[in-house]
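Here is the structure we will look at, set down as structure tokens.
The values are calculated or read from the model by the stated rules, or taken from the named source; none is laboratory data. None of these values were measured; they are calculated from a predicted model. Counting neighbours? That spans all protein chains shown, and the Cβs are built from the backbone with ideal geometry, glycine included. Areas reflect the complete protein model, heavy atoms only, side chains present, ligands, DNA and RNA absent. Shrake-Rupley method; radii C 1.70, N 1.55, O 1.52, S 1.80 Å.
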Amino acid sequence: MGRDLQLRAATAEDLEWIHELRHRVYARELGQHAPAPSGRLYDGLDGGNVYLVAARGAARIGFVSLTPPWLGRYALDKYLTRDELPLLDESDLFEVRILTVEPRWRATAAAPLLMYAALRWIAARGGRRVVAMGRTELLTMYRAAGLRPVGRTVHSGALTFEVLTGGVTELTEVTLDRYRTTLERLRSAVDWRLDAAFFPRPDGCEHGGASFTAVGTDFRSLHRRRQVVAADVLDAWFPPAPGVRAVLAEDPAWAARTSPPAGAEGLLAEIATARALPAEALAVGAGSSDLIFRAFCQWLTPDSRVLLTDPGYGEYAHVTERVIGCRVDRFRLRREDGWRIDPDRLSAAVGSGRYDLVVVVNPNNPTGRHAPAEELRSVIAAAPARTRWWVDEAYLGYVDLAESLAGLATVDPRVVVCSSLSKMYALSGMRAAYLVAEPATAGLLRRWTPPWPVSLPAQLAAVAALRDPAYYGDRWLRTHALRRQLAADLAGLDESIAVDEAVANFLTLTLPSGGPSAAQLVNECRRHDVYLRDLSPLSPEYHGRTVRIAVKDTDENARIVAACRAALDALRPRTVPLVPMSEGVPAAGAAG
């Protein structure tokens, strides 16, 4: 179709054509709606839904409409009650509507590309499921795309529709399995202007750390590390303790060539001493992700049911859903509740005993909220005996190590506490972490641990770090001061920006509705070698408008603020709010 085939979000200038094309197709051609004197077809969702447009030069070819869950209503609400279609109450459900292409372009790749663009846009906003109305005569085509009928039929004008649904991940996989070669060919021929990547990551997980691509993953341009502000990952802004640097510098050639203690015995003993825990209740790994993969793959099967907080650290959803294939439910955290875990709601959610595992990240990443230890103790105490609890305390040092549930984990076989030594101890590059569990559970996990799980430099560094609590306590306090100043400076950029400081070594910045998306802000800041984390793929609760920013030192924080200021200035003139046209009367029913 040519390099000038463009896929983009609709602008206000596109809406007149969209409403006119809708009228031509759904009123004149298909008879779903009565013709309107204005020659335009509107509905009550205009202004809240999102249109993606395919265009070639000045000619608009087609569009698809997306209704996000944060709008609070769907087109299907006009036809079915929530009791009749309970999936409309799911917080991660996006409605895909009225895929429409100009008649002369219907035999081209425009429609499939618009559907693929819709999936990529939804995935970039944390959507996990779609719902759509499909014309019954095209049901075979919808099934081939991976959509499945839910058993509900809808009548609108002269048309009959089946209600269809599918998981975003599964639909994307079906598309890529069947059309990857075509998509790869079209990728070079399409002007892709959406704020979502054309292809998902190969493993399907949106890991952090894009900043390292700017440094160079081939390690040939490491000088770039001094130019790039890596605020997209939560590495410490401060260096490791002097003792850590000394032990690593003492004989690096020996540390590099020498095999470490096979079971990390010295590291285990140091953790036991520093945390006043029995060594037999500990297991170590090369970072918390190592422990997550190892433990979950031992404990869980595709028949297991898991409860995750939403928003929450994306690695847990990746392991449970994509690696193991568990049935995963989300415990929704709400912005209006300050993102806090309501202990009563959590108790009610787990009270039925249907969950094999509940994961709580405390303080939470990415919300930065901390649930008091006593509240969690009470919830766990009242929970069913069959439910295992995994408590991730990677950022607890920024609150108070006395808030740890590690002591409970040593005596309650239902509880496991995971703690990274990477983020709080400035050892992210070393990859060291430990978990605490009742000795039998810990012993079983150690049995499934290969020898030499943690490198010798990492063991040396972790032991030295644990022996200098005063240094790290001072750095954690300094982090709070830096975070407060960074939050104040960012909030001062624009009164419409919401900055949520929270308690750990990061904060979040939320852009107003109608302005640039989080992805646009992140991409624009990269022009200044400043990398931030777009939280949109983690959860639809962020509405595509929130970024997470790691706290850095004074100079790098100043660069973050300057980059955000420049990005907002650059994006503001190009951003046109998508508002409904003021003329015309809403149609009685949305085009399906």
- Query: At a probe radius of 1.4 Å, what is the per-residue accessible area of residue 254, in Å² to the nearest 10?
  - Reply: 100 Å²
- So how far, in whole Å, is the C-alpha centre of region 52-85 from the one of region 144-180? 14 Å
- Task: Indicate the gyration tensor shape class of region 378-509 (rounded, prolate or oblate), computed on the Cα atoms with a ≥ b ≥ c the square roots of the eigenvalues: a/c under 1.5 is rounded; otherwise a/b larger than b/c is prolate and the rest oblate.
- Result: oblate
- Note on the structure: Heavy-atom accessible area of residue 552, protein chains in place, probe 1.4 angstrom, given in Å² to nearest 10, is 10 Å²
- For the chain, what are the DSSP H helices with axial Cα length of 24 Å or more and mean Kyte-Doolittle hydropathy of at least -1.0? 469-491, 554-571
- Note on the structure: From highest to lowest solvent-accessible area (probe 1.4 Å; ligands, DNA and RNA excluded), 70, 476 read 70, 476
- About the Cα centre, charge dipole magnitude for the chain (Lys/Arg +1, Asp/Glu -1 at Cβ), debye: 1300 debye
- Rounded to 5, percent antiparallel among DSSP beta bridges of the chain: 65 percent
- Accessible area in the full protein assembly, largest first, 1.4 Å probe, for 315, 20: 20, 315
- Message: From Cα pairs below 8 angstrom and at least 6 apart in sequence, can you work out the relative contact order of region 475-525, rounded to a whole percent?
- Response: 26 percent
- Message: Heavy atoms only, 1.4 Å probe, whole protein assembly: order 19, 223, 207, 155 by accessible area, highest first.
- Response: 155, 223, 207, 19
- Give me Rg over Rh for the chain, both radii from the alpha carbons and Rh done the Kirkwood way, two decimal places. 1.00
- Once normalised by the length of the chain, the mean sequence separation of its alpha carbon contacts under 8 Å that are 6 or more apart gives a contact order in percent of 18 percent
- Rounding to the nearest 20 debye, state how big the charge dipole of region 81-195 is about its Cα centre with +1 on each Lys and Arg Cβ and -1 on each Asp and Glu Cβ. 380 debye
- Applying the gyration tensor rule to the Cα atoms of region 325-449 (axes a ≥ b ≥ c; rounded if a/c under 1.5, else prolate if a/b exceeds b/c, else oblate), the class is oblate
- Task: Run the 1.4 Å probe and let me know the accessible area of residue 572, rounded to the nearest 10 Å².
- Result: 120 Å²
- Pick out, from 17, 460, 238, the residue whose Cα sits farthest towards the positive end of the charge dipole of the chain, with +1 on the Cβ of Lys and Arg and -1 on the Cβ of Asp and Glu. 17
- Message: Let me make sure I get this right: for region 63-182, a, b and c are the square roots of the gyration tensor eigenvalues over alpha carbons, sorted descending. Under 1.5 in a/c it's rounded, otherwise prolate if a/b > b/c, else oblate. Which is it?
- Response: oblate
- Message: Please compute the contact order of region 1-114 in relative form: average sequence separation of alpha-carbon pairs under 8 Å and at least six residues apart, divided by the residue count, as a percent.
- Response: 27 percent
